[in-house]
1. Among the listed residues GLN76, GLN23, which satisfies the condition of being farther than 30 Å from LEU100 by Cβ, modelled with pLDDT under 90 and surrounded by 10 or more Cβ atoms within 10 Å (Cβ to Cβ)?
2. Among the numbered criteria (1) modelled with pLDDT of 70 or more; (2) more than 21 Å from ALA55 (Cα to Cα); (3) not charged (D, E, K, R), which single criterion is violated by LEU83?
3. Checking ALA34 against (1) in a helix (DSSP H, G or I); (2) surrounded by fewer than 10 Cβ atoms within 10 Å (Cβ to Cβ), which single condition isn't satisfied?
4. For segment 86-115, give me the residue count where each residue is at pLDDT below 70, in contact with a Leu (Cβ under 8 Å, 6 or more places away or on another chain) and hydrophobic (A, V, I, L, M, F, W, C).
5. Against the conditions (1) modelled with pLDDT under 90; (2) within 45 Å of the chain's Cα centre (by Cα); (3) polar (S, T, N, Q), where does GLN5 fall short? Just the number, please.
6. Among what's in segment 116-134 and is modelled with pLDDT of 70 or more and among the hydroxyl-bearing types (Ser, Thr, Tyr), pick the residue that is nearest to the chain's Cα centre (by Cα).
7. So which residues in segment 8-48 are over 53 Å from the mean Cα position of the chain (by Cα) and among the small types (Gly, Ala, Ser)?
Amino acid sequence: MMDDQFFKELFKSYEPRLSSDNQFIDRLERKLEAVETLKEHNAALRKRCRKAIIAAAIAGFATGIAFSLGMPYIAQSFSNLKLHLPDYSLLQTLAGNSQLLMWPIACATSLFIAINTYEISLSLQSKHSAIRQS
């Protein structure tokens, strides 16, 4: 009870000043417009990212297919090279295991191309959107 009396006395003379309804509504409308602008920006960004992901997937897949189709020719080239190398050398060992070496290189190249395609696609889309806005 003593605490209740203390708080009653403390807040007895407190009269907070409230802003006018018009100011409150104006601030609220500005904040809602900002939220809508952010929603539109995020939707456009998601659309650009989806396009960039599709382009990167196609580029990476095409690179992988190209390496897969070209692998027999690459292996044949290394086999021909192996014939011209001295026996029991490191280069001959590498040429003999060319397929084991080429698959990681093909995977890394496909990944490199896919990532760069993604970055380039995003960059080109942002340039186009900047041109449209001006």
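1. Numbers: GLN76 fails: farther than 30 Å from LEU100 by Cβ.
Result of the check over GLN76, GLN23: GLN23.
2. In the conditions (1) modelled with pLDDT of 70 or more; (2) more than 21 Å from ALA55 (Cα to Cα); (3) not charged (D, E, K, R), LEU83 misses (1) alone.
3. Tallying (1) in a helix (DSSP H, G or I); (2) surrounded by fewer than 10 Cβ atoms within 10 Å (Cβ to Cβ), ALA34 fails exactly one: (2).
4. Residues flagged as at pLDDT below 70, in contact with a Leu (Cβ under 8 Å, 6 or more places away or on another chain) and hydrophobic (A, V, I, L, M, F, W, C) within segment 86-115 amount to 3.
5. (2)
6. Residues of segment 116-134 that are modelled with pLDDT of 70 or more, as a first pass: 116-127.
Filter again for among the hydroxyl-bearing types (Ser, Thr, Tyr), leaving 117-118, 121, 123, 126.
Values: THR117: 11, TYR118: 7, SER121: 11, SER123: 11, SER126: 14 Å.
Selected residue: TYR118.
7. SER13
The values are calculated or read from the model by the stated rules, or taken from the named source; none is laboratory data. Computed from a prediction, not measured in an experiment: that's the story for all the values here. Positions of Cβ are generated from backbone atoms using ideal geometry, with glycine treated the same way; all protein chains shown enter the neighbour counts.
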